[in-house]
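Each remark here refers to the structure printed beneath this line.
The values are calculated or read from the model by the stated rules, or taken from the named source; none is laboratory data. Note that the coordinates shown come from a computational prediction; the quantities given were computed from them, not determined experimentally. Here the Cβ positions follow ideal geometry from the backbone for every residue, glycine too, while neighbour counts run over all protein chains shown. Protein only, heavy atoms only, side chains kept; ligands, DNA and RNA dropped before computing areas. Shrake-Rupley method; radii C 1.70, N 1.55, O 1.52, S 1.80 Å.
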Amino acid sequence: DERFKSYGEIKAIYVLPSFQHKGIRTTLLNFALNKLKERNFKSIILTTFERNYSAIKFYEHFGFRILEKYPKGTWHDNLFDELSMLKNYD
């Protein structure tokens, strides 16, 4: 999306079920946020499934807020409704 071309983007964070609840997701997100901040991005965007309540809560804990909803089929033949989430650095 042209509106977000100057934003840093986190494409995906996946942790296998057998490794979940061990702090790996937090470590990965902090690593990505630090790298993007080092590159002077003032805004970070990511996308998650609307029904992934755990991920939404997790990202909100790190200062992300819901920006926009994309109904299924909006792009890349997404099969589920998705949300873009945004974090701005002060």
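Do you know which of the residues in the range 14-30 that are in a loop (DSSP other than H, G, I, E, B) and surrounded by 10 or more Cβ atoms within 10 Å (Cβ to Cβ) is farthest from the chain's Cα centre (by Cα)? Per the criteria, the residue is Lys22.
Within the range 15-31, residues that are charged (D, E, K, R) reach partners that are surrounded by 11 or more Cβ atoms within 10 Å (Cβ to Cβ) and assigned to a helix (DSSP H, G or I) with beta carbons closer than 7 Å, at six or more positions or on different chains, in the pairs Arg25/Phe58. Restricting attention to the range 44-77, the residues being modelled with pLDDT under 95, of a type in the set (Gly, Ala, Ser) and open to solvent by less than 60 Å² (accessible area, probe 1.4 Å) number 2. Assuming Phe49 fulfils every condition listed in (1) out of contact with any Phe, Trp or Tyr (no Cβ under 7 Å at 6 or more places or on another chain); (2) more than 19 Å from Tyr89 (Cα to Cα) apart from one, which condition is it? Single failed check for Phe49: (1). Among residues that are touching a helix residue (DSSP H, G or I) at 6+ places or on another chain (Cβ under 9 Å) and surrounded by 15 or more Cβ atoms within 10 Å (Cβ to Cβ), Leu33 is not included.
The set of residues in the range 44-58 that are within 15 Å of Gly8 (Cα to Cα) and out of contact with any Lys or Arg (no Cβ under 6 Å at 6 or more places or on another chain) comprises Ile45, Leu46, Thr47. The residues of the range 1-13 that are part of a helix (DSSP H, G or I), exposed (fewer than 13 other Cβ atoms within 10 Å of the Cβ) and either of a type in the set (Lys, Arg) or touching a residue at least 12 places away in the same chain (Cβ under 8 Å) (or both) amount to a single one, Arg3.
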